[in-house]
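Colleague: Before anything else, here's the structure in question.
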Amino acid sequence: MIICNLNICWTSLLVLLTLVILFAMSSDADEKYVSVDFEVFGNVQGVCFRMYTEEEGKNLGVTGWVKNTRQGTVVGQVQGPPEKVNEMKHWLSKVGSPSSRIDRAQFSNERRISKLEIRGFGTRY
């Protein structure tokens, strides 16, 4: 009798644990992407920074856009899986185009999203 009750206990515990895991996974599944705005400061215009940014975004499989500003910076937005967006953030702040000089990159409005809001990666004018 005791063994039977223990089996029921273990079964109940496994069912409860499974439900908790499924609930956690379904909550994360609703917001599986990240969106972040960026601005890059330094010598980032006239050095093919936008072209290389677009290429890097496509290589990583993220979506977004990039654009020069009148203030001499480059702005844009990146969307995709968190790990890929983090790789793009690193590239924007530390790598850039071969001829660029990145002084700093500023990231803002980072948020979780349930679906991509931008198709592809392109340059805006």
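The values are calculated or read from the model by the stated rules, or taken from the named source; none is laboratory data. Computed from a predicted model, the values in this text were never measured in an experiment. Cβ atoms come from the backbone with ideal geometry, glycine included; neighbour counts cover every protein chain shown. Only protein heavy atoms, including side chains, enter the accessible area calculation; ligands, DNA and RNA are left aside. Shrake-Rupley method; radii C 1.70, N 1.55, O 1.52, S 1.80 Å.
Colleague: So which residues in the range 60-72 are of a type outside the set (A, V, I, L, M, F, W, C) and open to solvent by 20 Å² or more (accessible area, probe 1.4 Å)?
Modeller: G61, K67, N68, T69, R70, Q71, G72
Colleague: Step by step: first the residues of the range 73-119, then only those that are under 18 Å from N43 (Cα atoms) and assigned to a loop (DSSP other than H, G, I, E, B), then the one that is most open to solvent (accessible area, probe 1.4 Å). Which residue is that?
Modeller: P98
Colleague: Considering the range 55-72 alone, what residues qualify as being under 18 Å from F107 (Cβ atoms) and assigned to a helix (DSSP H, G or I)?
Modeller: Once the filter is applied, which keeps residues that are under 18 Å from F107 (Cβ atoms) and assigned to a helix (DSSP H, G or I), the range 55-72 yields E56, G57, L60.
Colleague: Let me ask you something else. Do any residues in the range 73-90 that are at negative phi have Cβ atoms under 6 Å from those of residues that are part of a helix (DSSP H, G or I) and buried (at least 17 other Cβ atoms within 10 Å of the Cβ), where the two are at least six apart or on different chains, and which pairs are they?
Modeller: Listed by first residue and then by second, the contacts come to V74/F49; V78/V85; V78/M88; K84/L60; E87/L60; M88/L60.
Colleague: So, in the range 30-54, of the ones that are within 18 Å of I118 (Cβ to Cβ) and among the aromatic types (F, W, Y), which residue ends up most open to solvent (accessible area, probe 1.4 Å)?
Modeller: Only one residue fits best here, namely Y33.
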